[in-house]
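Below: one structure, written as structure tokens.
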Amino acid sequence: MKTLVMAANLSSGQYKESLSSVEALKCIANSLLLVSATKDYFEESNALPACNGILFRSDVSGMSRFLAVRILFFVTIDRPSTVASLVDNLDIASGLAQVSYSECARESRYPIKLTRTILIVYRL
Amino acid sequence: MQNKQSTTPPGVSPPQMIITEALKLFFNLALVETSKVDEENSEEFLQKKFANKFEQSIFCILNLIRDIPLSPTNTLSSPLLNAIHALLHVPYTPGWDKGVVSKLTDALILAVPDLVGDDPEEDIDQLRERKADDTIAPLLLVLRRAAAHDQSLRNIIAKKLLPQERFVYCVSLF
């Protein structure tokens, strides 16, 4: 897990997006889903603040944001102390609001893109 | 363990997937934060405290419910179902307006025939298979909370769910 956290650029405090960091985030999410004990290693690697920090970033891709939210979802299952840390110390309320706002705004544009794509396919 | 699917979808995540994950995370946080009930902190107090902290997220959830288009089949699916779950641990506020309650009532009207059906021969196992309890019960709880706090919302729900007067009159003739 330590290696994955380093590869995901989560150990330095601020996440830096790259092709390899996104792949590492995918591996971390899969590990947390499949082996519950990896949650301890994830927290011991001090990756929680950087992962939570992704929610506040508008300069990262949708995939990074999706994976960050998914990782936070997995680490909060059956872990009241992690939830308390996120709510009281890391201000996840603001991060979650930021994600919700930006994604709801994107969502409202999404069906239009889809309709246009269907129209193009029909014309072809 | 081998049967578990990969957690990540191929390609770029559409906004709907991120919203669904955010709603699941919100549910987890709300569940834990509002369950720390003791002598000094009642559940109602904890729910209000949580709602104050997550006011902006709740505003987005209510907007999402108001704006989401309903599908006649598989009505109670993501992200609407996750949004309903998220509201389970949130107290009623004036933000639960006519648009939100009306949409949730419409969702119930569409979901019941799909999940429960009207076959008198249907047994409880079939209902379990369709996960009717898991999906309809949270929606009913949210609607009940809205109805309990606001007379005008209660009227909207009643108008949509209860038989019309003319229909009752026709039935009574038989």
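The values are calculated or read from the model by the stated rules, or taken from the named source; none is laboratory data. In this text, all values refer to a predicted model and were calculated from it rather than measured experimentally. Heads up, the Cβs are rebuilt from the backbone with ideal geometry, glycines too, and the neighbour counts pull from every protein chain shown.
State all residues of region B:148-167 that are closer than 19 Å to B:LEU76 by Cβ and either without any contact (Cβ under 8 Å) to a residue 40 or more places away in the chain or of a type in the set (Val, Ile, Thr) (or both); if no residue qualifies, say none.
Let us first name the residues in region B:148-167 that are closer than 19 Å to B:LEU76 by Cβ, namely B:157, B:160-161.
Matches in region B:148-167: B:ILE157 only.
Could you please let me know if B:SER77 is in a helix (DSSP H, G or I), of a type in the set (Gly, Ala, Ser) and at pLDDT below 85? Step through it out loud before you land on a result.
Details: in a helix (DSSP H, G or I): no; of a type in the set (Gly, Ala, Ser): yes; at pLDDT below 85: yes.
No; evaluated as a whole, the condition is false for this residue.
What's the total number of residues in region B:84-110 that are modelled with pLDDT under 90, assigned to a helix (DSSP H, G or I) and either touching an Asp or Glu at 6+ places or on another chain (Cβ under 8 Å) or of a type in the set (Gly, Ala, Ser) (or both)?
1
Taking A:SER58, is it surrounded by fewer than 19 Cβ atoms within 10 Å (Cβ to Cβ) and within 21 Å of B:PRO14 (Cβ to Cβ)?
On the way: surrounded by fewer than 19 Cβ atoms within 10 Å (Cβ to Cβ): yes; within 21 Å of B:PRO14 (Cβ to Cβ): yes.
Judged against the criteria, A:SER58 is a match.
If the Cβ limit is 7 Å and pairs must be 6+ apart or interchain, which residue in region A:69-94 that is at the interface with chain B (Cβ under 9 Å from one of its Cβ atoms) and of a type in the set (Lys, Arg) pairs with which residue that is crowded, with 18+ Cβ neighbours inside 10 Å and not in a helix (DSSP H, G or I)?
Close Cβ pairs (under 7 Å, with a partner that is crowded, with 18+ Cβ neighbours inside 10 Å and not in a helix (DSSP H, G or I)) amount to A:ARG70/B:THR7.
Does any residue of region B:104-115 turn out to be touching a residue at least 12 places away in the same chain (Cβ under 8 Å) and more than 20 Å from B:LEU140 (Cβ to Cβ)? So that I can check it myself, show each step before the final result.
Of the residues in region B:104-115, the ones touching a residue at least 12 places away in the same chain (Cβ under 8 Å) are B:104-112, B:114-115.
From the residues that got through so far, the ones that are more than 20 Å from B:LEU140 (Cβ to Cβ) too are none.
No; the residues of region B:104-115 include none that is touching a residue at least 12 places away in the same chain (Cβ under 8 Å) and more than 20 Å from B:LEU140 (Cβ to Cβ).
Taking the condition of being assigned to a helix (DSSP H, G or I) and either within 9 Å of chain B (Cβ to nearest Cβ) or at positive phi (or both), how many residues in region A:42-63 meet it? Before the answer, list the steps.
First pass over region A:42-63, keeping only residues assigned to a helix (DSSP H, G or I): A:42-44, A:48-54, A:62-63.
Cutting the leftovers down to either within 9 Å of chain B (Cβ to nearest Cβ) or at positive phi (or both) gives us A:62-63.
Total meeting the criteria: 2.
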